[in-house]
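Enquirer: Structure incoming, see below.
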Amino acid sequence: SALTCMGKSDTGVMGLKRTLPVKMENNDIMGEGITYSNVGSGYFDAQVYDSAAFYFERAVEKDREINDLIGLPTDLYWLAEANFKLNKVRKAQKLLDESKKYNKDKTIIMRSMNLESEILYALGNYKTSLSIFKQYKSLQDSMFNLGKDEIIQELQTKYETAKKEKEIAFLEQENKLT
């Protein structure tokens, strides 16, 4: 397969593809959509963008069929990304615009800003591309700092807890001696 030729293992993708008939037989539409999305991701990671686009398109169809407003914006984003990699810039822009209507996931919102900047650059809209890229970097920095602040807070809490536990152990030991 194309994945094996590129030095990537295709066992995961092939295994996922083998589960599709079972999901179809059981009318597991959500399971089909998730599987199509995962297969698309495997092809995308292997840089086989035409196959990735094919499977993301199937995932989007299933998302729409069951009105999955969580999967739809993510699959639309990845379909836009695959189309951009295939130099289908206008199609990528249309898909990304649709994704943004539904998207609530902060990571995908951030990635969408970066992709939008790339699309606008490819279309020659350099000023807007730069503006959106700056917004993307600002959001990326904010999300990084939020994550860093959460880690610092967690470490501070662990430190304070350990300190109190040592103090309690010391007091208990002192009580035993008296």
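Enquirer: Rounded, prolate or oblate, given the Cα gyration tensor of segment 86-125, with a/c below 1.5 counting as rounded?
Expert: In terms of gyration-tensor shape, prolate.
Enquirer: Give the lysines reachable from Lys100 as a straight Cα distance under 16 Å; neighbours fewer than 8 places away on the same chain don't count.
Expert: Lys91
Enquirer: Continuing with the same structure: Rank Gly124, Gly31, Gly71 by mean-square fluctuation in a GNM of the chain with C-alpha springs under 10 angstrom and give only the top-ranked residue.
Expert: Looking only at Gly124, Gly31, Gly71, the biggest GNM fluctuation is shown by Gly124.
Enquirer: Another question about this same structure. Rounded to the nearest 10 Å², what accessible area does Tyr102 show when all protein chains are kept and the probe is 1.4 Å?
Expert: The value for Tyr102 is about 80 Å².
Enquirer: Lys164: which lysines have alpha carbons under 28 Å from its alpha carbon, excluding same-chain residues fewer than 8 sequence positions away?
Expert: Lys148, Lys176
Enquirer: Say the dipole of the chain comes from +1 at the beta carbon of Lys and Arg and -1 at that of Asp and Glu; which of Ala122, Gln93, Ala46 then lies farthest toward its positive end?
Expert: After comparing all options, I get Ala122.
Enquirer: Averaged per residue, what accessible area in Å² does segment 122-178 show with a 1.4 Å probe, protein chains only?
Expert: 89
Enquirer: Calculate what fraction, in whole %, of the accessible area of the chain sits on carbon and sulfur atoms when a 1.4 Å probe is rolled over the protein chains.
Expert: Its accessible area is 55 percent carbon and sulfur atoms.
Enquirer: Please check: in the Gaussian network model of the chain (C-alpha springs, under 10 Å), which one of Thr128, Thr161, Thr107 has the largest mean-square fluctuation.
Expert: Looking only at Thr128, Thr161, Thr107, the biggest GNM fluctuation is shown by Thr161.
Enquirer: Something else about it: Rolling a 1.4 Å sphere over the protein heavy atoms, what is the accessible area per residue of segment 9-97, to the nearest Å²?
Expert: 51
Enquirer: Nearest 10 degrees is fine. How inclined is helix 49-65 to the longest principal axis of the chain, computing both from alpha carbons?
Expert: 80
Enquirer: From the phi angles alone, apply the Karplus equation (6.51, -1.76, 1.60; θ = phi - 60°) to segment 30-44 and give each ³J(HN,Hα) in whole Hz, x where the residue is Gly or Pro.
Expert: With the stated coefficients, segment 30-44 comes to 5, x, 4, x, 5, 5, 4, 5, 5, 5, x, 4, x, 5, 4 Hz.
Enquirer: GNM, the chain, Cα, under 10 Å: largest mean-square fluctuation among Leu115, Leu20, Leu72?
Expert: Leu20
Enquirer: Over the heavy atoms of Phe133, what accessible area does a 1.4 Å probe trace out, to the nearest 10 Å²?
Expert: Looks like 80 Å² after rounding.
Enquirer: List every residue whose amide H lies under 5 Å from the amide H of Asn103, counting only residues 5 or more places away in sequence or on a different chain, with H placed 1.01 Å from N in the peptide plane.
Expert: Residues meeting the criterion, in which the H sits 1.01 Å from N, do not exist here.
Enquirer: Tell me the relative contact order for segment 1-128 as a rounded percent, counting alpha carbon contacts under 8 Å between residues six or more apart.
Expert: 17
Enquirer: Under 19 Å from a point placed 7 Å out from the Cα of Leu155 along the Cα-to-Cβ direction: which residues of segment 124-144 have their backbone N that close?
Expert: Residues 142-144 qualify, since their backbone N sits under 19 Å from the label point.
The values are calculated or read from the model by the stated rules, or taken from the named source; none is laboratory data. As the structure is a computational prediction, the values presented were derived from the model and not from experiment. All Cβ positions, even for glycine, are placed from backbone atoms using ideal geometry, and neighbour counts span all protein chains on display. Note: accessible area is taken over every heavy atom of the protein model, side chains too, but ligands, DNA and RNA are not part of it. Shrake-Rupley method; radii C 1.70, N 1.55, O 1.52, S 1.80 Å.
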